[in-house]
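Take a look at the structure set out below.
The values are calculated or read from the model by the stated rules, or taken from the named source; none is laboratory data. None of the values given here were measured: they were computed from a predicted structure. Cβ placement follows ideal geometry from the backbone for every residue including glycine, while neighbour counts extend to all protein chains displayed. Areas reflect the complete protein model, heavy atoms only, side chains present, ligands, DNA and RNA absent. Shrake-Rupley method; radii C 1.70, N 1.55, O 1.52, S 1.80 Å.
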Amino acid sequence: MKSPADMKIIQIDITNACPRKCANCTRFCGHHEEPFFMDFETFKKAVDSLKGFRGIVGIMGGEPTVHPEFRRFVEYYRDNIGYDDRSTAPYQPQKDLMRHVLANAWHVDYSNHRGLFTSVTPRYYDHFELIQDTFGYQLLNDHSNPSMHQTLMVTRQELGVPDDEWVKMRDRCWVQNLWSASITPKGAFFCEVAAAMDATLGGPGGWPIEPGWWQRKPDEFGEQLKWCEMCSACLAMPSRDANDETDDVSPIWAEKLKQIRSPKVDKGLVNQFDPLAYQADKHSINQRVTPYMEDQEERMGKTRGRLVPQKITYVLWLTPTLGDEAATRLITQMKAAGQLDAIASTDATRATLAEVAALPFLTGLGALADLRQVKHTKDWVVLTRDCAAPAAFHALTEGCVFNPGVVYWRDIAGGMLRFFNVRARSLEKDGDLFNITATFPAYKVVELTREQAQDYRLSNTGMFMRRLNKRFTWLKRKLAGLPVPRGPAGEIKGNKVVSSL
């Protein structure tokens, strides 16, 4: 077994609520009548307790982004864990966000102490800017593609595994050795699955969440080792596609799930595993970091379409350069294409053109606030000055993921284009629609220099350079005597995870 101090990751489980009910989930999501949501004071204690730990401090669930205080939690976490590394954040559009994430996550030991583990729900889209600004390591898996989850809810007692064999197998368990210890509202645990079992079955709780708890050695795990008796992670067990949503459970587990009134039991999403039919030689014992999927790019399937701009509001900015006749033609053209929702101008006389076109007119310093109000704008805005957005730009918005915290721009013959999201943190206190870039920090003002969505797909060379840059940033900090993760101890080669054991 491994001391949490020697682990690459320790998780803070802020909730076990999740919109998915994956088969054989390590957090047993779907079995709770009422999921937990960690309170802020407990979260603060958890973060503070991990100061000095040199691996990744992960935020996880369930689905962490559904926690109602996710933003508050992450802001405190940012202030107390890791450091900012803007060189790897996705400020450029991304044709394939998964490749960008994999380029950064290729080596967890250079990942800036901060990690997020998520199934990429709509709430991920809502928090996109904050997430990209914060986490050097993201493990995304929307489970829409087949991914095999190992049976966990079988006891070694039912399988007749003798003590001497069991202790050796338990001490080599992939979950405890390759993944993480964990903190829940009930305390700190040497193993994430033990923590989830305690939360699910109403256990006694973990160790006090206090500085240094994670420095315990295996001979200090004590009573928590009893949870291993309930877990089959270290055994050669069958697996099931997560999308089946059905858990394989032994008779002992089946009875315990009935006692806690498991919703998955009520819905028939439990298959009783027959210990007498168990054949260990038909299965293998896992010793891989991510055992359930060979091609890591397949972690993101259906959610790719969820992350592109969902709702775009089109605004035409008219200047004195464009005469009324030309402006009228442009308005007619854009309306016919369904790409005009409001007209803006610093010249109040242009209100007449908006009135004729039956469109809202925006002017002055309150133009952006008025746009939010009259069009109920909550997402993206295309602002074009004296021109329409080119067709190539529309193809980009359909094919790329854009960061809502960035204002994108490009010059167009006879005018210009600005593309921004009203939920950007830079616009929380409003902004000047006619000088929108002034509100954003320079690193979040990005020129669109390429025409095709495919041009924004990170190449293999780009992935290599991203990984190299991450190591360079790490080395520069280390030489300067600044805090860094502990250093290399395992890697992902291509899309294949290679264990350091």
Failed item in (1) at pLDDT below 95; (2) in a helix (DSSP H, G or I); (3) open to solvent by 10 Å² or more (accessible area, probe 1.4 Å), with Tyr76 passing the rest:
(1)
Only listed residue being open to solvent by 10 Å² or more (accessible area, probe 1.4 Å) and under 26 Å from Asp48 (Cα atoms), chosen from Trp174, Trp179
Trp179
Count of residues meeting criterion [open to solvent by 20 Å² or more (accessible area, probe 1.4 Å), out of contact with any helix residue (DSSP H, G or I) (no Cβ under 6 Å at 6 or more places or on another chain) and part of a loop (DSSP other than H, G, I, E, B)] in segment 84-112
3
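A quick yes/no check of all residues on (1) assigned to a helix (DSSP H, G or I); (2) open to solvent by less than 20 Å² (accessible area, probe 1.4 Å); (3) touching a helix residue (DSSP H, G or I) at 6+ places or on another chain (Cβ under 8 Å):
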position: Phe420; (1), (2), (3): no, yes, yes
position: Arg423; (1), (2), (3): no, no, yes
position: Ala438; (1), (2), (3): yes, no, no
position: Arg450; (1), (2), (3): no, no, yes
position: Leu458; (1), (2), (3): no, no, yes
position: Thr461; (1), (2), (3): yes, no, no
Check Gly431 against each of (1) surrounded by fewer than 19 Cβ atoms within 10 Å (Cβ to Cβ); (2) over 26 Å from the mean Cα position of the chain (by Cα); (3) within 22 Å of Pro404 (Cβ to Cβ) and name the one condition it does not meet.
(1)
Test: residue in segment 357-369 that is in a strand (DSSP E or B) and open to solvent by less than 60 Å² (accessible area, probe 1.4 Å)
yes
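Kindly indicate which of Lys51, Lys44 is part of a loop (DSSP other than H, G, I, E, B) and touching a residue at least 24 places away in the same chain (Cβ under 8 Å).
None of the others qualify; the one that does is Lys51.
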Close pairs (6 angstrom Cβ cut-off, 6 or more residues apart or separate chains): more than 12 Å from Pro483 (Cβ to Cβ) in segment 81-92, modelled with pLDDT of 85 or more and in a loop (DSSP other than H, G, I, E, B) anywhere:
Asp85/Asn112; Asp85/Gly136; Pro90/Asn403; Tyr91/Asn403; Tyr91/Val406
Of the listed residues (Ala351, Ala344), the one being surrounded by 14 or more Cβ atoms within 10 Å (Cβ to Cβ), closer than 15 Å to Val382 by Cα, at pLDDT 95 or above and of a type in the set (Gly, Ala, Ser) is Ala344
From the option list Gln279, Gln296, Gln373, Gln272, single residue qualifying as touching a residue at least 12 places away in the same chain (Cβ under 8 Å), surrounded by fewer than 20 Cβ atoms within 10 Å (Cβ to Cβ) and not charged (D, E, K, R) is Gln272
Inside segment 321-341, the number of residues satisfying the requirement of being open to solvent by 40 Å² or more (accessible area, probe 1.4 Å), in a helix (DSSP H, G or I) and among the small types (Gly, Ala, Ser) is 1
For segment 1-40, give me each residue that is among the polar types (S, T, N, Q), assigned to a loop (DSSP other than H, G, I, E, B) and under 16 Å from the mean Cα position of the chain (by Cα).
Asn16
